[in-house]
1. With respect to TYR146, is the statement that it is among the hydroxyl-bearing types (Ser, Thr, Tyr) and either buried (at least 17 other Cβ atoms within 10 Å of the Cβ) or assigned to a helix (DSSP H, G or I) (or both) true?
2. May I ask you to say which residue of GLU164, GLU168 is open to solvent by 100 Å² or more (accessible area, probe 1.4 Å) and either modelled with pLDDT of 95 or more or under 15 Å from the mean Cα position of the chain (by Cα) (or both)?
3. Restricting to region 16-41, name every residue that is over 17 Å from ASP77 (Cβ atoms), among the polar types (S, T, N, Q) and either without any contact (Cβ under 8 Å) to a residue 60 or more places away in the chain or not in a helix (DSSP H, G or I) (or both).
4. Answer with yes or no whether ASN13 is more than 19 Å from LEU72 (Cα to Cα) and either assigned to a helix (DSSP H, G or I) or of a type outside the set (Lys, Arg) (or both).
5. When you check VAL102 against the structure, is it farther than 24 Å from CYS25 by Cβ and either assigned to a helix (DSSP H, G or I) or of a type in the set (Asp, Glu) (or both), yes or no?
6. Out of region 116-143, which residues are of a type in the set (D, E, K, R) and open to solvent by 30 Å² or more (accessible area, probe 1.4 Å)?
7. Collect the residues in region 42-74 that are within 17 Å of ILE193 (Cβ to Cβ), open to solvent by less than 60 Å² (accessible area, probe 1.4 Å) and assigned to a loop (DSSP other than H, G, I, E, B), keeping them in residue-number order.
8. Spot the failing condition for ARG87; the list is (1) open to solvent by 80 Å² or more (accessible area, probe 1.4 Å); (2) under 19 Å from LYS60 (Cβ atoms); (3) of a type outside the set (Ser, Thr, Tyr), and only one is missed.
Amino acid sequence: MSQEIFEIVKQMNLDNLEVQIALQCAPLISGLRFSNLFNVNNEQADYLISLMNEMHISWKILFRGKEKLTMLLYKKDILENYFSDIRVKNILKNSGYEKNIVDEEDISGLIDTFADRYCCYMQTKKYFPHEMGLFLGYPVEDVEGYLKNNGENSLYTGYWKVYEKAEEKIALFSEYDRAMDLALSMAYERQNILKLKEVFEVDSREKKPAV
């Protein structure tokens with residue numbers, strides 16, 4: 001987040017749903033990511049769901065607390081393709097997911113299993129589902145690296161812990177930050193945040209160096 005946007009954020013109502021969408025899932029709406037978690041006040045959940053449906057983004061409630069709930073937001077077709085990777089399948093099997101669900105790429109079954117594990121962790125604070133990185137669409141090499149190193153020895157830590165291609169991931173994180181800055185600017189100016197993808201693409205073209 002740039003200093004300019006940080007100063008703007010200090011003037012904003014952080015309980016506003018559009019502001020939270022900008023803070024939590026700008027990379028998803030801009031098209032840079034295909035899934036992420038979203039924490040939302042219980043009374044705002046229905047409105048959030050209506051916005052996600054409008055953008056054709058799928059969702060799954062993972063945990064409902066007294067005041068907030070946690071949702072997985074995802075683009076189903078892209079996530080399905082991601083789960084077809086043999087390395088992703090191996091991690092899921094090694095994490096205890098049913099072989100037939102993994103092999104059949106049953107995305108609903110996979111997400112249901114993850115939701116059960118996440119809910120159990122939130123209730124007991126035991127057995128964190130480290131395969132979460134797969135459901136968040138992290139590069140599989142970084143999920144593999146995290147599991148092999150028990151979360152240590154990363155090359156860089158940004159939106160996740162990086163174990164390979166650090167320069168490439170750092171550049172990607174910068175794009176995530178740019179998407180969030182644009183989203184927050186739109187929320188501050190009361191623009192329709194659902195138009196973020198279009199605004200981000202225009203901004204990207206304007207920043208592209210002339211050949």
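The values are calculated or read from the model by the stated rules, or taken from the named source; none is laboratory data. A quick note: this is a predicted structure, and the numbers were derived from the prediction, not measured. Because the Cβ atoms are built from the backbone with ideal geometry, glycine has one as well, and the counts that use them run over all protein chains shown. To get the accessible areas, we keep the full protein, side chains included, count just its heavy atoms, and leave off ligands, DNA and RNA. Shrake-Rupley method; radii C 1.70, N 1.55, O 1.52, S 1.80 Å.
1. Against the criterion (among the hydroxyl-bearing types (Ser, Thr, Tyr) and either buried (at least 17 other Cβ atoms within 10 Å of the Cβ) or assigned to a helix (DSSP H, G or I) (or both)), TYR146 qualifies.
2. On the way: GLU164 fails: open to solvent by 100 Å² or more (accessible area, probe 1.4 Å).
Going through GLU164, GLU168 in turn, the sole match is GLU168.
3. To start, the set of residues in region 16-41 that are over 17 Å from ASP77 (Cβ atoms) comprises 16-27, 30, 37-41.
Narrowing further to those that are among the polar types (S, T, N, Q): 16, 20, 24, 30, 39, 41.
Scanning region 16-41 gives ASN16, GLN20, GLN24, ASN39, ASN41.
4. yes
5. Details: farther than 24 Å from CYS25 by Cβ: yes; either assigned to a helix (DSSP H, G or I) or of a type in the set (Asp, Glu) (or both): yes.
Yes, satisfied.
6. Looking only at region 116-143, we keep the residues that are of a type in the set (D, E, K, R), and these are 116-117, 125-126, 131, 141-142.
Across region 116-143, the qualifying residues are ASP116, ARG117, LYS125, LYS126.
7. MET55, ILE57
8. All conditions are met except number (2).
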